[in-house]
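Everything on this sheet refers to the single structure shown next.
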Amino acid sequence: MNPTQQKAIMDSPWMECECGGVTFTQLIMVKRISKLLSGEARDSILEVPMMKCDSCGKIPEFIHKPWADIPSELKAVSDTPTMPKV
């Protein structure tokens with residue numbers, strides 16, 4: 001990594017949960033993929049990496065947004081932006 005890239009990374013903002021938390025724990029959610037959908041002989045398992053906020057225990061929007069079927073009780077929600085203003 002060159003010094004310009006390193007500086008750009010160091011100057012990048014930290015991601016925040018809707019609650020304001022900035023530390024996260026990695027977890028895995030599991031989906032069952034139907035053999036009819038996959039074309040395989042058996043159903044298969046898909047491990048999906050996620051992160052939950054250490055402060056509120058919820059999955060922040062910047063993680064759960066692409067996954068519409070995550071149960072709502074696991075989602076951190078807020079009307080405020082998830083990215084800090086630069």
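The values are calculated or read from the model by the stated rules, or taken from the named source; none is laboratory data. As the structure is a computational prediction, the values presented were derived from the model and not from experiment. Don't worry about glycine lacking a Cβ; one is built from the backbone with ideal geometry, like all the others, and counts go over all protein chains shown.
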Task: Filter pass, Val77 being at pLDDT below 90, hydrophobic (A, V, I, L, M, F, W, C) and under 14 Å from the mean Cα position of the chain (by Cα) - done: yes
Open item on the list: I'm checking my understanding of the structure. Among residues of the stretch 31-54 that are within 14 Å of Leu74 (Cα to Cα) and touching a Leu at 6+ places or on another chain (Cβ under 8 Å), which one is surrounded by the most Cβ atoms within 10 Å (Cβ to Cβ)?
Closed with: Lys52
Task: Count - residues of the stretch 37-67 that are touching a helix residue (DSSP H, G or I) at 6+ places or on another chain (Cβ under 6 Å) and of a type in the set (Val, Ile, Thr) - done: 1
Task: Selection status of Lys58, charged (D, E, K, R) and either under 30 Å from Ser78 (Cβ atoms) or in contact (Cβ under 8 Å) with a residue 12 or more places away in the chain (or both) - done: yes
Open item on the list: If I filter the stretch 64-71 for residues that are basic (Lys, Arg) and surrounded by 10 or more Cβ atoms within 10 Å (Cβ to Cβ), do I get at least one hit?
Closed with: yes
- [ ] Filter the stretch 1-30 down to the residues that are surrounded by fewer than 10 Cβ atoms within 10 Å (Cβ to Cβ) and hydrophobic (A, V, I, L, M, F, W, C), then identify the one that is farthest from Lys75 (Cα to Cα).
- [x] Met1
Task: Test for Gln26: is it out of contact with any Gly (no Cβ under 8 Å at 6 or more places or on another chain) and in contact (Cβ under 8 Å) with a residue 24 or more places away in the chain - done: yes
- [ ] Output yes when any residue across the stretch 60-69 is of a type in the set (Phe, Trp, Tyr) and in contact with a Ser or Thr (Cβ under 8 Å, 6 or more places away or on another chain), and no when none is.
- [x] yes
